[in-house]
Every structure is written in C-alpha cells, then in structure tokens.
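Visitor: Sharing a structure here in structure tokens format.
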Amino acid sequence: MKVGLFSRCLGASSTFSAMTRFPEAFDGVRCLVAPQPVTMKTIMGRRLTLIGIPAERLDDLEERLVARTGIGFAPRAPREWARNVRVPTFLYGVRDDVLTEPADVQAMFDNIPTQDKKLRWIEDTTRRWDGYLEFQRRPGPMLEWFERHMA
C-alpha cells in the first residue's frame, strides 16, 4: 500500500514528534502535506494577546499547563522535531495568521533536512481558518504533490 500523510495544525506537530520518536514507523511513507503547522507556545501567546492578557502572563499559563498535564511548552517543539522529517514535505499556511507568526512555520520548514520540500503561503487574509479551507478551495498544488510522490 502506498501511504502519504495529510497532518493539519497540531497534528503536523504530532507527526513531526512521532517521526522523531519512532522513525521506523514511517518507513515507506512517501510524503507529507502539513497545512497550518503551529508551535503551541506561539499560538497560546498570540491567543492571550488577542484577549487582552499581557504576553508576560504566558509563563502563568505554562505553569497551569504543567500542573494539569505535566508537560510545558519546551518539550512540545515542532521546530526541533522538523529536523527528523525524512519524507518529501509540503507545508502551507496563512502568512498573516492572527494566531501565529510566519517565523514559526518558516523555522519548521528550514529545519526539515530533505531537499524535496515546499512552503506555500496563503496571502491576503489574516484568518487562520482560511488555511484549513485552502485544500477545498484550491486543491491543485496539494493533489499535484501527492500525485508526484505517490506515483
């Protein structure tokens, strides 16, 4: 069976983590399309700011997160996990997304060591949801990626 992955948002982060922890599980995976990848610390910081909570309170949120889950922001590091992605990878996202920062996605892309990778920015919007709708609105680039790597 030919396998290609479509991992959205924090699912992309989870895929990067799994590729770091269990690389053998991805033997035979031909490619990955990862829309709207995000670092939890980045999105949570932006959300706090949007609701009027000062950025310096992010540490308080992390403290509560650790108390509840036992895991802070540092161990949730998709930028670092991206260094272990060994399959052709296509990332895309809303460049001016109000909930993230372009540098976050760019760093993930830059850290992917394979030469067969692509980053596509969705322009002229600040709405994160437009990134999730990109496949429905303009599926061509993603379908071409899958076609090329799944053939």
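The values are calculated or read from the model by the stated rules, or taken from the named source; none is laboratory data. Keep in mind that what you see is a predicted model, and the values were worked out from it rather than measured. Cβ atoms come from the backbone with ideal geometry, glycine included; neighbour counts cover every protein chain shown.
Visitor: Within region 10-27, does at least one residue satisfy the condition of being outside any helix (DSSP H, G or I) and under 30 Å from L143 (Cα atoms)?
Guide: The answer is yes, given that some residue of region 10-27 is outside any helix (DSSP H, G or I) and under 30 Å from L143 (Cα atoms).
Visitor: Still on this structure, I have one more. Look through T126, T49, T114, T89 and report the one residue that is among the polar types (S, T, N, Q) and at pLDDT below 95.
Guide: Just a single option satisfies the conditions, and that option is T49.
Visitor: Hey, among A74, A67, A55, A107, which residue is closer than 18 Å to S13 by Cα, at pLDDT below 95 and surrounded by fewer than 20 Cβ atoms within 10 Å (Cβ to Cβ)?
Guide: Testing whether each residue is closer than 18 Å to S13 by Cα, at pLDDT below 95 and surrounded by fewer than 20 Cβ atoms within 10 Å (Cβ to Cβ) leaves just A74.
Visitor: While we're here: Can you pull out the residues in region 59-83 that are in contact (Cβ under 8 Å) with a residue 60 or more places away in the chain and not in a helix (DSSP H, G or I)?
Guide: R76
Visitor: Can I ask one more? Please pick out the residue among R138, R148 that is of a type in the set (K, R) and under 23 Å from M19 (Cα atoms).
Guide: R148
Visitor: Can you name every residue in region 92-149 that is over 12 Å from the mean Cα position of the chain (by Cα), among the acidic types (D, E) and under 19 Å from R47 (Cβ atoms)?
Guide: Matches in region 92-149: D96, D97, D130.
Visitor: A follow-up question, please. Any residue that is more than 21 Å from F109 (Cα to Cα) and assigned to a strand (DSSP E or B) - is there at least one of those in region 35-52?
Guide: No, region 35-52 contains no residue that is more than 21 Å from F109 (Cα to Cα) and assigned to a strand (DSSP E or B).
Visitor: Going by the structure shown, is P35 within 26 Å of A151 (Cα to Cα) and over 11 Å from the mean Cα position of the chain (by Cα)?
Guide: No: the conditions fail for P35.
Visitor: Could you list, in sequence order, all residues of region 84-106 that are in a helix (DSSP H, G or I) and either in contact (Cβ under 8 Å) with a residue 40 or more places away in the chain or touching a Leu at 6+ places or on another chain (Cβ under 6 Å) (or both)?
Guide: Scanning region 84-106 gives N84, D104, V105.
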